[in-house]
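Asks: For reference, the structure I am asking about is given below.
The values are calculated or read from the model by the stated rules, or taken from the named source; none is laboratory data. Predicted, not measured: the structure shown is a model, and the values here were computed from it. Heads up, the Cβs are rebuilt from the backbone with ideal geometry, glycines too, and the neighbour counts pull from every protein chain shown. We work out accessible area using only protein heavy atoms, side chains counted, and drop any ligands, DNA or RNA first. Shrake-Rupley method; radii C 1.70, N 1.55, O 1.52, S 1.80 Å.
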Amino acid sequence: MRPSIRAVSLIAGAVLTAGLATGCSSSGGDSGPTASKTGAPAGDLAVQPSGKSGKTPITIGESGTYQAVDSASGARTQMSVTFKDMRAVQASEIHATKPPKHQYAVFTFTVKNTGDKNGAFHPQKLKWTDGQSPEQPAFTSEKSGSGQNLDTTYRPGQTVTSDVVLDMPGGSGALRYYDGSGPVSLSFEVPAD
């Protein structure tokens, strides 16, 4: 009689294991929200989007997050930046008021406050490096004609997509964004021409 109890226990264990494996499967008709490419769920659920931080460069089409810190109050909030596009331009294409020191490039970003307090993004804090030479400021006051200003304070949930014109000292490298005086908040990979 003992062998048949053992057989029943093994069969029951196999059925339970199969049931659990099927329930955890990523295929099938799960009707719950699914994650999008940016890590945010589909539907109306509000969660913090996942993204890269300052240590891993963000490439075109990817997003990264950082903690924006209000210098006056010390309040922190989560900000998300998506690197939408980059293109080299001639000064005449953007109706520049002065010639570039090196080469103008237009970067398109989407900035979103995904936190619960006001937070800022300041593109003038972007610095370029090729990994060998010292970081250099790249921001210009030139405009691309996109009409919106990314340099602002964002209310919770507020999103702006716009361009930033940078004067790039070199080809490939990285743009580094510093929210404050601390370490790199975000890093963007600048592709070769």
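Asks: Of all residues in region 103-131, which are open to solvent by 60 Å² or more (accessible area, probe 1.4 Å), of a type outside the set (Gly, Ala, Ser) and within 25 Å of residue 179 (Cβ to Cβ)?
Replies: Passing the criteria: 112, 116, 117, 118, 124, 125, 127, 130.
Asks: For region 151-172, what are the residues that are open to solvent by 60 Å² or more (accessible area, probe 1.4 Å) and within 20 Å of residue 103 (Cβ to Cβ)?
Replies: 172
Asks: Check region 42-51 and report whether any residue there is modelled with pLDDT of 50 or more and open to solvent by less than 70 Å² (accessible area, probe 1.4 Å).
Replies: Yes, that holds for at least one residue.
Asks: Let me ask you something else. Name the single residue that is nearest to residue 120 (Cα to Cα) among those in region 167-187 being part of a strand (DSSP E or B) and touching an Asp or Glu at 6+ places or on another chain (Cβ under 9 Å).
Replies: 186
Asks: Scan region 63-102 for residues that are over 17 Å from the mean Cα position of the chain (by Cα) and open to solvent by less than 20 Å² (accessible area, probe 1.4 Å) and jot them down.
Replies: 89, 94
Asks: Hey, residue 148 hits all of (1) open to solvent by less than 50 Å² (accessible area, probe 1.4 Å); (2) part of a loop (DSSP other than H, G, I, E, B); (3) over 17 Å from residue 86 (Cβ atoms) but one; which does it fall short on?
Replies: Condition (1) is where residue 148 drops out.
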